[in-house]
Amino acid sequence: MVDREPARAARLLDAQAKAERLFTAIEERGLVAPGERERAVSDRIRDLANELFGTTRHWHKRIVRSGPNTLLPYRENPPDRVIATDDIVFADFGPIFEEYEADFGRTFVFGDDPVKHRLCDDLPRVFRAGKRHFESDPDITGHELYAEVERLAAEVGWELGGWHAGHLVGEFHHEKIDGAEPESYIAPANDTPLRRNDKAGRRCHWIVEIHLVNREHGFGGFYEELLTLGCDEQAELIDKRSTFPISWCREALVEPFPAPPGLATAGWQRSAVPATAQTARRQQLDRPVHPFRQRGRPACSRSSS
């Protein structure tokens, strides 16, 4: 019997690589900018995906949210909003590339608000630490990984913005995702192992969503990408197929940083975890995941516009 799993992994990695290229182009073309309406930005990103890859389908609704709208979970549909000059904005897109789903999310910050920049920097750190925890436990369940992501977020002074921290991903349309199937999510109700086969006998692959919020300050941020495939698999594929670009292994490795001046008055010390403990934990989260990984594009975009 032919093992189709390596081909499935390659297709999912290819879909994510294209999504990453799409978000790079979004930043280069300045599509997310103050003065633009969220819906207009979403439409321009949709058109850019079509221009770059011929992609016209997205397996979930397109999301661009700014300001207080960034507090809301996926299922909410807030009114359209104009992006402000000092806003935080996130984009969450699920384009379909050759019948395989990508799901990719990043955050953009405008202005100099130190709390927004701290949130933006913490998003990939929490993602990487959650991925390390997943890799360390071969029998981890959806409930256990959700609890760990929630704990990691609290340790650096945030809370999770939604009821789950990720979901299945695969061929379009993958195993049905809705509230009636908790085993499709990284969520408290999912006590099944994440490393398992789906109903069709295929290996399950997962997306992690890091949606961190600060309800006191009225904003949140978002970071999303593949959990179950990463640089180990990419390195193996690159060795076998030279057409796979090494840039797929780029990951934002943010240098440890001290608390910016005046941050305590902006809310740094208002969480249950002391500021000094948050800083120490943040530095721990910065250690590299794998020696193959290279320094890459920042996890979030900054602009003084």
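Summary of computed values
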quantity	calculated
Ranked packing of 109-119, 12-22, most packed first, by mean Cβ within 10 Å	12-22, 109-119
Ordering of 152-158, 27-33, 123-129 by packing [mean C-beta count within 10 Å, highest first]	123-129, 152-158, 27-33
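Every number here is computed from the coordinates shown, using simple stated rules; none is lab data. Please read these numbers as outputs of a predicted model, since none were measured by experiment. Note that each Cβ is placed from the backbone with ideal geometry, even for glycine, and that neighbours are counted across all protein chains shown.
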